[in-house]
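What follows is one structure encoded as structure tokens, with my remarks underneath.
The values are calculated or read from the model by the stated rules, or taken from the named source; none is laboratory data. If you're wondering where the values come from, they're calculated on a predicted model, not measured in any experiment. Note: ideal-geometry Cβ built from the backbone for every residue, glycine included; neighbour counts use all protein chains shown.
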Amino acid sequence: IPVQDGHILEKPKDASDAVRMLTQLSGKVHLVQTGVALVHWCGSELKTRTFHETTEVSVALLSPAVIKAYVATGESLDKAGAYGIQGKGGSLVERINGDYFNVVGFPVHRFCRELTKWCAETCQ
């Protein structure tokens with residue numbers, strides 16, 4: 001979930017909403033946060049573990065023409081925050097601090113690390 005200044009950036013409603021979001025992100029840093037819950041039945045007991053991952057994303061300073069061209073690709077309309085780092089939207093991102101896959105949508109590395117650790121503790 002992209003978050004800027006405490007506000008969640010959902011999927012844009014339409015192209016003009018995508019332009020608004022990308023203009024808001026232009027030249028700024030925002031966070032992408034993901035929460036994960038692991039659930040496992042151990043005999044008759046339900047065990048859970050939760051964690052969250054946060055990645056800092058710096059968006060380049062974007063001209064109105066670049067924003068308009070990106071939105072015209074249609075890629076932004078089904079993405080929270082109006083960009084997809086794994087596609088053409090990756091060209092809008094200047095740098096990230098943290099897990100790339102978290103920005104794509106799921107913190108794969110952290111998930112594998114947590115699952116491995118959890119199984120070592122609970123799956124004996």
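For region 48-63, indicate whether the set of residues that are in a loop (DSSP other than H, G, I, E, B) and within 18 Å of the chain's Cα centre (by Cα) is non-empty. Checked against the condition, which is being in a loop (DSSP other than H, G, I, E, B) and within 18 Å of the chain's Cα centre (by Cα), region 48-63 yields at least one hit.
For region 82-124, name all the residues that are more than 30 Å from residue 48 (Cα to Cα) and assigned to a helix (DSSP H, G or I). 82, 88, 89, 90, 91, 92 - these are the residues of region 82-124 that are more than 30 Å from residue 48 (Cα to Cα) and assigned to a helix (DSSP H, G or I). Residues in region 64-79 that are without any contact (Cβ under 8 Å) to a residue 60 or more places away in the chain, surrounded by fewer than 18 Cβ atoms within 10 Å (Cβ to Cβ) and not in a loop (DSSP other than H, G, I, E, B): 64, 65, 66, 68, 69, 72, 75.
Identify the residue in region 85-124 that is free of Cβ contacts under 8 Å to residues at least 24 places away in the same chain and within 11 Å of the chain's Cα centre (by Cα) and, among all such residues, is surrounded by the fewest Cβ atoms within 10 Å (Cβ to Cβ). Step by step, filter region 85-124, then rank; the result is 86. Is there a residue being out of contact with any Cys (no Cβ under 9 Å at 6 or more places or on another chain), at pLDDT 95 or above and not small (Gly, Ala, Ser) anywhere in region 34-45? Taking every residue of region 34-45 in turn, at least one turns out to be out of contact with any Cys (no Cβ under 9 Å at 6 or more places or on another chain), at pLDDT 95 or above and not small (Gly, Ala, Ser). Taking first residues from region 21-45 that are in contact (Cβ under 8 Å) with a residue 40 or more places away in the chain and surrounded by 14 or more Cβ atoms within 10 Å (Cβ to Cβ) and partners that are part of a strand (DSSP E or B) and of a type in the set (Lys, Arg), the Cβ contacts under 6 Å between residues at least 6 apart in sequence or on separate chains come to 38/49; 40/47.
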